[in-house]
1. Return the total of residues in the stretch 55-91 being charged (D, E, K, R) and over 17 Å from residue 43 (Cα atoms).
2. So, residue 226, is that one at pLDDT below 75 and assigned to a helix (DSSP H, G or I) or not?
3. Would you point out which residue out of 204, 180, 231 is surrounded by 17 or more Cβ atoms within 10 Å (Cβ to Cβ) and at pLDDT below 75?
4. If you go through the stretch 54-71, how many residues are surrounded by fewer than 20 Cβ atoms within 10 Å (Cβ to Cβ) and in contact (Cβ under 8 Å) with a residue 24 or more places away in the chain?
5. If we keep just the residues of the stretch 26-39 that are of a type in the set (S, T, N, Q), over 15 Å from the mean Cα position of the chain (by Cα) and surrounded by 15 or more Cβ atoms within 10 Å (Cβ to Cβ), which is farthest from residue 243 (Cα to Cα)?
6. List every residue pair whose Cβ atoms sit under 6 Å apart, with the two residues 6 or more apart in sequence or on different chains, where the first one lies in the stretch 28-40 and is closer than 7 Å to residue 137 by Cβ and the second, anywhere, is among the β-branched types (Val, Ile, Thr) and assigned to a helix (DSSP H, G or I).
7. Among the candidates 187, 251, single out the residue that is out of contact with any strand residue (DSSP E or B) (no Cβ under 8 Å at 6 or more places or on another chain), part of a helix (DSSP H, G or I) and modelled with pLDDT of 95 or more.
Amino acid sequence: MKKILLPLFLCSFLILFSACSTVPYTGRSQLMMTSQAEENKMGQEAWRGVLQKEKISKNKKYTAAVKRVGKRIAAVSDRPDFKWEFKTFDSEQANAFCLPGGKVAVYTGIFNYISNDAELAAVMGHEVGHAIARHGGERVSQGMFQQAGAKGVAVAAGSKYREMALMAYGIGSNLGVMLPYSRTHEYEADHIGIMLMAKAGYDPRNAITFWQKFSKASTTNSFTEYLSTHPMGEHRVEQLKKLLPEAMKLYRKAKKR
């Protein structure tokens with residue numbers, strides 16, 4: 001009995017000594033084992049690696065748009081402590097990201113799905129949403145919880161059943177915890193992103209048009225979504241439509257300034 005309870009004890013111990021934070025806009029509680037300062041340092045180190053690896057775009061139209069939109073999103077993010085940087089990288093991949101501390105990258109391939117600044121704001125707002133929600137730090141913390149649980153399972157199972165128990169634990173914790181949380185982070189970044197773009201004066205209805213276009217290129221369906229870190233495009237659009245009335249209020253308020 002003691003061996004069976006050991007994994008639970010270890011996880012409870014980690015939770016007890018973790019800091020609790022609240023995600024902006026959604027109000028979801030997080031258990032964090034990292035500080036914002038630690039996350040910013042990790043972001044800075046990762047950013048140096050990205051700058052060494054990726055090729056800066058020479059497309060003046062794209063680079064100007066990323067900086068223009070990025071500055072407006074950053075201005076309403078309520079994170080003056082972030083050292084914001086906005087870079088456009090020359091790549092066919094349709095991708096963007098924001099590292100902890102405000103290091104934002106947009107790959108030129110994403111512009112195949114973008115028609116205007118407002119749709120770019122939907123993309124950049126989403127990525128900034130990940131950063132201000134501290135999703136990177138939360139994933140690190142979840143990894144620590146998962147590793148602690150694995151150690152407990154290994155001890156509880158004993159040498160005879162250890163390999164089988166760890167395999168079952170790994171599959172169960174990934175499908176039951178890690179992947180669903182990743183999809184939660186995506187929905188949460190969508191939520192924060194549409195509010196940020198609205199506050200920055202971009203029509204939030206463009207978030208829906210962007211994700212409708214972008215989702216057509218996705219191979220995720222109702223079955224593979226269960227095994228994916230990202231939700232289906234259709235589901236994202238459904239959630240954004242529910243958030244649109246609130247976002248439109250922020251947009252109208254921003255336009256009156």
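1. 10
2. Yes: the conditions hold for residue 226.
3. Of 204, 180, 231, the one residue that is surrounded by 17 or more Cβ atoms within 10 Å (Cβ to Cβ) and at pLDDT below 75 is 231.
4. 8
5. Checked the stretch 26-39; the qualifying residue farthest from residue 243 (Cα to Cα) is 34.
6. 34/140
7. From the options 187, 251, the qualifying one is 251.
Matching residues to (1) of a type in the set (A, V, I, L, M, F, W, C); (2) surrounded by fewer than 22 Cβ atoms within 10 Å (Cβ to Cβ); (3) in a helix (DSSP H, G or I):
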site	(1), (2), (3)
78	no, yes, no
93	no, yes, no
97	yes, yes, no
101	no, no, no
122	yes, no, yes
125	no, no, yes
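The values are calculated or read from the model by the stated rules, or taken from the named source; none is laboratory data. Note that the structure is predicted; figures quoted are calculated from it, not measured. A quick note on method: Cβ atoms are made from the backbone with ideal geometry, for glycine too, and the neighbour counts reach across all protein chains shown.
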